[in-house]
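Colleague: Have a look at the structure that comes next, please.
The values are calculated or read from the model by the stated rules, or taken from the named source; none is laboratory data. If you're wondering where the values come from, they're calculated on a predicted model, not measured in any experiment. Because the Cβ atoms are built from the backbone with ideal geometry, glycine has one as well, and the counts that use them run over all protein chains shown.
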Amino acid sequence: MANAVAAPNPYGFGFVELSPTVLYRAPPDKIKSSGAFITKEPSLILLTSWMNASPRHVARYTTGYQRLFPSSRVVLVTTSALHFLVQSTNQRIKDLEPALDILKNIQPEVRILLHAFSNGGVIAAWLLATTYRARTGQALPISKAIFDSAPGSQGYTASLAAFAVGLPKNPIARGVGSGLLRIVLGVWFCYIYFTAKETIVDTVRKALNDPDLFPTHAIRLYVYSSADEIIRWQDVEAHASEAQAKDYRVQKVKYLDSGHTAHLLHDENRYWSAVTGLWDSEYLSSPGSIVVAW
């Protein structure tokens, strides 16, 4: 990281690219207080973005965290459709090496906040956790976790909607891309059906509640919406219930009309209040309760 040179970055001020999918931001030398009543800021914030997320949209979260926790380091992991369609797991892990190196060198007193978005983000978090476990024998060293619009289940319609986010805006190119995407996903789901194989989303869904990968002491917050057309709110709440049954401490913030990974846009103050509430206290209100956000 010492050789990286800071430059203007679409993901936010101060980010440097460590690999094709990992970016890093160190806190500035001079830090202005956020004004929030936070007992102790996270030492490190690990963000794993949703698939095909535009830098402009991700920057809303990175700049928000910069205002809220100005002294925190930030590791950002991005994901794209290519990672799932053509990239091998070994290559994906190679791209994640800078993030893994940072996690491997974390000291015991360091407090880490994981913030994963959509299925793409939780898959990235899972790959980090499984690789970290294989190398260290330990669960991912996180203190708190936020699952935004995740996890869902993998179906054809939801997958098509998720992958379509990255298609070109040009109507002709988008039409061609959509047709090819439908064929590829159709073949894939036929293969899954006839071979009875478990999908990656189903694998990760179970793994998120595996204490060998994600420690039970890390209180987690689920943020989701009944209006999400990609991730069903029923799937999120079912996963939260499964987590509670395995001794994870859970909080849920349910929006009624915000879109997929768009809860921040719907009500920024409520969103960041939930984040600070998770970080600075044992519970937002009471174990397992649902805070409804209009």
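Colleague: If you check Thr63, Thr157, Thr131, which single one turns out to be at pLDDT 95 or above, exposed (fewer than 14 other Cβ atoms within 10 Å of the Cβ), in a helix (DSSP H, G or I) and not aliphatic (A, V, I, L, M)?
Modeller: On inspection, the qualifying residue turns out to be Thr63.
Colleague: Does Ala99 fit the bill of being buried (at least 24 other Cβ atoms within 10 Å of the Cβ), at pLDDT 95 or above and under 13 Å from the mean Cα position of the chain (by Cα)? Explain how you work it out, then say what you get.
Modeller: Details: buried (at least 24 other Cβ atoms within 10 Å of the Cβ): yes; at pLDDT 95 or above: yes; under 13 Å from the mean Cα position of the chain (by Cα): no.
Here the answer is no, as Ala99 does not meet what is asked.
Colleague: Quickly run through segment 232-266 and pick out the residues that are closer than 19 Å to Trp50 by Cα and assigned to a loop (DSSP other than H, G, I, E, B).
Modeller: Arg232, Ser258, Gly259, His260, Thr261, Ala262
Colleague: Step by step: first the residues of segment 220-235, then only those that are in contact with a Ser or Thr (Cβ under 8 Å, 6 or more places away or on another chain) and not charged (D, E, K, R), then the one that is modelled with the lowest pLDDT. Which residue is that?
Modeller: Ile230
Colleague: Are any residues in segment 31-55 at pLDDT 95 or above and either among the basic types (Lys, Arg) or assigned to a helix (DSSP H, G or I) (or both), and if so, which ones?
Modeller: Of everything in segment 31-55, just one residue is at pLDDT 95 or above and either among the basic types (Lys, Arg) or assigned to a helix (DSSP H, G or I) (or both), namely Pro55.
Colleague: Just give me the residues in segment 162-216 being over 21 Å from the mean Cα position of the chain (by Cα), modelled with pLDDT of 70 or more and assigned to a helix (DSSP H, G or I), in sequence order.
Modeller: Across segment 162-216, the qualifying residues are Pro171, Ile172, Gly175, Gly179, Leu180, Arg182, Ile183, Cys190.
Colleague: Working only within segment 46-69, note down all residues that are small (Gly, Ala, Ser) and closer than 14 Å to Tyr24 by Cα.
Modeller: Once the filter is applied, which keeps residues that are small (Gly, Ala, Ser) and closer than 14 Å to Tyr24 by Cα, segment 46-69 yields Ser49, Ala59.
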